[in-house]
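The block underneath contains the structure these notes are about, expressed in structure tokens.
The values are calculated or read from the model by the stated rules, or taken from the named source; none is laboratory data. Here the structure is a predicted model, which means the values were calculated and not measured. Please note: Cβ atoms are built from the backbone with ideal geometry, for glycine as well, and neighbour counts cover all protein chains shown. Accessible surface is based on the protein model in full, side chains and every heavy atom, while ligands, DNA and RNA are left aside. Shrake-Rupley method; radii C 1.70, N 1.55, O 1.52, S 1.80 Å.
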Amino acid sequence: MKNKSTIVLAILVLLISAFTIPVKAATTFSDVSSSYRAAKEIYYLAEGNIITGSNGSFHPNSDITRAEAVSIIGRAVGLNGTQRETRFVDVPSTSFASGYIQSAFEKGFANGYSGGYFKPGQHVTRGEMALFISKAFGYHATTTDAAINELLSRHISEGMANGDFGGKELIKRADFAVFVARAINDELRPNYKPVYPQEGTVTASSLLVRKGPSTTYGSISSFAKGTKLNVSHAVGNWIQVTNTAKTVTGFVSKQYVTLTDVDVPEVPTTPPPTKNPLAGQTIVIDPGHGGTDPGALGSGLREKDVVLDTGLKVRNILKRMGISYYMTRETDVFIVLQDRPVLAKSHGGDTFVSIHANKFNGSANGTETYYYGAAATATNPYITKSKLLAQSIQKRLLTEWQLNDRKVKTANYYVLKYNSMPSSLAELGFIDNPTDAKKLGSSVWRERAAEAIVLGILDYYKASGYNVSSLYDKVRP
């Protein structure tokens, strides 16, 4: 009998334990009371791990930095936040925000400053915040004023007490949280009537509806397969929806919903595109070596691979900008030197840029750019223009690539000497030098080299009388 009592007691203990498993407490901040003006929005973001504090505090009245702002928006829209190398010299891979900053740059809603800087510790103004949110949430605004109008028209912001938006004022962490929360969930917007420009049908057998756009948010209901939904807007891979009876409103994963209507952007009709200022010009990109010719070897790298990847990145930028281009090679093939100028001419080339990497004895380092400087009847007559092209590219490489300046030089390289158009050859760096090789081996740094080359080409055309000002902002996505 005693044994039976012991068994029953043990079972009771197990049952009680099963129903009293500790549940993770909701996030609370010692400096954000339930009556605080932004408490609702702050705790909404905290539930989804979109914002965090430090030592139990949120510091709502502190100015927010660029790194913090991009990280918060990045978490909100589901960007990859894995810490990694970035294209910015002041954002190391060890930075808490490195993954979000690089992802935001790749998505096109967080650009940097000249010289490859992001300035992660710089404080954000209300105007900058508006532009961040507009780009991240797909509001189509490309200027600060347009972004401010988007936030006002969507009731994400109601402006300041004096009736002004205060675009040049620094924004506090609390206010930033308010704007991000309202951008995510339109039910948090004051005096706003939700708009449902799309319809959808649930394809999963049972689709959970959550309070926010991630599985971190708790579920509030579920929709059966075939349920018809009204769709408000997307937040990353999630959409805010309501059922046709409007009894349940929340977020669902959009991969389990078939959309039946196309969202019409809430922006004025755009004017017809203007003619590309470089229409009629073809840029020839010549990645050196290839195939059976590996070029310089060092630091575990092959020159032919480094320069091909850089050349392809240049091509992608030119393509995005709508500029005509030709590549002497787009794959790992060998093209003899004598054929490269011929190919450039036969494909209507107007400007020729060859891309290479150097090698010496491990001690030499830096970037240098060449042109042919001894015109004759049988050789390239474009000395002045070739020099201008080389100078323009070298200057941009020094700014973006940030290696030792080995100057602009003349050389009798075949692709320069026997070409029929302004031509230059860029030696990005020394493949056997540890400092140079670290950048040559990095996809992020090769992207920066590609951007520098394109910027140099634009500078060359600008100095040659072309109005290319509208193209500079298109170099980076």
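Please list THR247, THR367 in order of solvent-accessible area, largest first, computed with a 1.4 Å probe with all protein chains present.
The ranking, largest first, comes out as THR247, THR367.
What percentages make up the Cα-Cα pair-distance distribution of region 271-408 when the bins are 10 Å wide from 0?
P(r) over region 271-408, rounded to whole percents: 11, 36, 39, 13, 2, 0.
Tell me, how many Å apart are the Cα centres for region 99-132 and for region 185-252?
The distance from the Cα centre of region 99-132 to that of region 185-252 comes to 30 Å.
Which lysines have a Cα less than 29 Å from the Cα of LYS275, not counting those fewer than 8 places away in the same chain?
LYS275 reaches LYS107, LYS135, LYS313, LYS319, LYS345, LYS385, LYS387, LYS395, LYS462, LYS474.
Got a number for carbon plus sulfur as a percent of region 352-477's accessible area, 1.4 Å probe?
49
Consider just the alpha-carbon atoms of the chain and return their Rg together with their Dmax, both in angstrom.
That works out to 28.5, 115 Å for Rg and Dmax.
Counting only protein heavy atoms, what percent of the accessible surface of region 78-127 is carbon or sulfur at a 1.4 Å probe?
With neighbouring chains kept in place, the figure for region 78-127 is 50 percent.
When you take every Cα atom in region 172-222, what is the radius of gyration, and what is Dmax, the widest Cα pair distance, in Å?
Considering region 172-222 through its Cα atoms, Rg and Dmax are 13.8, 43 Å.
Got a sec? What order do THR227, THR435 fall in by accessible area at 1.4 Å, biggest, i.e. largest, first?
From most accessible down to least: THR435, THR227.
Once each part is reduced to its C-alpha centroid, what is the distance from region 34-96 to region 336-371 in angstrom?
45
With charges set only on the Cβ (+1 for Lys and Arg, -1 for Asp and Glu), what does the dipole of region 32-142 come to about its Cα centre, in debye to the nearest 20?
Result for region 32-142 is approximately 140 debye, rounded to the nearest 20.
Provide the per residue accessible area, probe 1.4 Å, for the chain, rounded to a whole number of square angstrom.
Result: 48 Å² of accessible area for each residue.
Over its Cα atoms, what ratio of radius of gyration to 2.2 N^0.38 Å does region 320-477 give?
Cα Rg divided by the expected 2.2 N^0.38 Å: 1.02.
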